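Step one of this worksheet: look at the structure below.
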Amino acid sequence: ARRQQRIGGSQRTVSARAALDGYFQLSRTQEPATGPVPHLEPSHIARVSQEHSSDETIEVSDSDSSTSAEEEEAVEATAPLLPSAQETPPAETPQASAEPGSHEEAEVQQKQVRTPLKKLEPSVPVAPLDEEEGDTCAICFEQWTNAGGHRLSALRCGHLFGYTCIERWLKGQAGKCPQCNKKAKRSDIVILYARTLKALDTSEQERMKSSLEKEQMLRRQAELESAQSRLQLQVLTDECSKLHKQVQELKALVAQHNVSASQQSGSSRTCLPGSLPSSQSQRKYHLEKGFVVSQTGNCRVMAYCDALSCLVVSQPSPQSTFIPGCGVKMMSVANLKSSQYIPIHSKQIRGLAFGSRADGLLLSAALDNTLKLTSLATNTVVQTYNAGRPVWSCCWCLDDTNYIYAGLVNGSIMIYDLRDTNSHVQELVPQKSRCPMVSLSYLPRMASASLPYGGILAGTLEGACFWEQKAGNSYRPHHLPLEPGGCIDIQTEISTRHCLATYRPSKNNPCVRCVMMELTCSPLTEASEDVVCSSNPVQTFSAGPTCKLLTKNAIFQSPEEDGSVFVCAGDEASNSALLWDAGSGSLLQKLQADLPVLDICPLEVNQTHLLATLTEKMVKIYKWQ
């Protein structure tokens, strides 16, 4: 019944079907047939009919795809439509044999129209689908050319068409691209001059480029992390070395304490809290050599560089006519010979200091409002800071050699960073009076029971203040309980945490007094981590009744290295330097000079202990023996 319905549903004649199939075939291929349509032989039709007489169907395959693996759809027909072998005679007139052939031809053409895509024989090259789409116009589906009316053209959006097609399209449509519907006009058409157009697949290249950029970014990040790790390792190594040094110092202090305790237990003498053992040595200082620094005088301060074994003394220019101002004169302590003069400042130098650096940088402060760094290797000034006010004192930071301090005439302390060459990085403003900062020294952090913290000990004409260094380069002031007024100098002894304050004569005390004090600290509250730093007097040393100059004294460990401490101070009344034992308070020696002693500097070279005293004109070197 289904076959009969399909047969009856088609009412078109064979000739009409043939014409229609021919029209569609011509429109699809654009190549009209040049030869006559081949006719099927009646005998062939009869043979096909006999082979499929069981189900009365005939399978007609495309003549061009005899070797194809895919089969065409079966063409069903009834017995009356196709004559059988019995009804068709072998010899028939041309008119009679032509009718079955034309009918079979119509059926084959109809099958060609129904088949959407036919496979060609392997000998015929077939272009891939993506290449065909890249060579054809999206409007007429014909291949574009490199010349003529249908030459390759493009719009501003980038889509490709034949020139005539896109021109007609833009005339008849609303002025939009056929593919992306972007606005376009006839002037946007651009003719492309290319023989062939192929899209190069760069997806793999872009992916590799993205992977390369990602890998480079990860490599840079890894290098940055490596540099940071190396820097942290360096910092931790330095900190470890400092801690190791503090441990060694603590062990030495414990050993000294045990020795002093055993000595004190065997003697009947009672010591004050914080006192030091007395020296039992019979050796003294003997004059080794004297140097005339300046014939005109006006020498002021001196400093010793342990790395270079060099002693520098401030003096005015020996040739003030040609080189005015002030500078320093270098002296070699190894061979006890004086060296050349280095001009530095335009006015008098009030402070000289060497740090723990091995490059021999000299820090100098003067009344010309400047703080300068001078290299003794090249004998030139390498850095100058303008403080804006006269600078009375200076010192190095012993915990970080990149920082230096300057004490000004108004009592302020300027903090400079050697990595910042423009100006100061911080200013410590005095809490009370604004007297000149006559002395400035730095106490490094160390394992000490009395004062383990580091900071700056600043002395003015009216008192002293210890600036405790906190985390983040912040400072907390602690005012020390000194006698009001009359303080001309404060010096420190780093290892024992003692300081020496020198007072002028007063109504109550007619002589010059040098008071040795122990620096201590105590918790502010029980639950607080903050501390209060103070000082306790341990020993007092008296000198002559005259004090007209601002001299600098010294407190240092005994050359015998037995734990005792020496105090040396200048006496203007006798033009000499007095040497005391800090443990017992007894006067050990009087070092005579021709003029008042202005500065005292203990030093050591080649395991030989020396002591230098400075007057306005000359330096004397004493040797402990």
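Subtracting the Cα-Cα distance of Q228 and Q340 from 0.36 nm times their residue separation leaves 35.9 nm of extension gain. For K552, a cut-off of 28 angstrom between C-alpha atoms picks up these lysines, skipping any fewer than 8 places away in its own chain: K284, K289, K329, K337, K347, K372, K432, K507, K590, K617, K620, K623. Cross-link partners of K182 among lysines, defined as those whose alpha carbon lies under 17 angstrom from its own and excluding same-chain residues fewer than eight positions apart: K171.
What percentage of the solvent-accessible surface of segment 134-196, computed with a 1.4 Å probe over protein heavy atoms, is contributed by carbon and sulfur atoms? Carbon plus sulfur share of accessible area: 48 percent.
The residues neighbouring Q295, those whose beta-carbon lies less than 13 Å from its own, together hold a net charge of +1 under the Lys/Arg +1, Asp/Glu -1 convention. In terms of packing, defined here as the mean over residues of other Cβ atoms within 10 angstrom, the peptides 215-226, 344-355, 381-392 line up highest first as 344-355, 381-392, 215-226. Fully extending the segment from D135 to E529 would add 133.5 nm, taking 0.36 nm per residue of separation and subtracting the current Cα-Cα distance.
Which shape class applies to segment 385-514: rounded if a/c is under 1.5, otherwise prolate when a/b exceeds b/c and oblate if not, where a ≥ b ≥ c are the square roots of the Cα gyration tensor eigenvalues? Taking the square roots of the gyration eigenvalues as a ≥ b ≥ c, segment 385-514 is oblate. For segment 285-624, the carbon plus sulfur part of the accessible surface works out to 48%, probe radius 1.4 Å.
Were the residues from R168 through N386 laid out at 0.36 nm apart, the gain over their Cα-Cα distance would be 70.2 nm.
Solvent exposure of segment 385-541, expressed per residue, is 40 Å² of accessible area, with all protein chains present and a 1.4 angstrom probe.
With all protein chains kept in place, the per residue accessible area of segment 134-196 amounts to 65 square angstrom at a probe of 1.4 angstrom.
The values are calculated or read from the model by the stated rules, or taken from the named source; none is laboratory data. All values reported here derive from a predicted model rather than from experimental measurement. Note that we place each Cβ from the backbone using ideal geometry, even for glycine, and neighbour counts take in every protein chain shown. Only protein heavy atoms, including side chains, enter the accessible area calculation; ligands, DNA and RNA are left aside. Shrake-Rupley method; radii C 1.70, N 1.55, O 1.52, S 1.80 Å.
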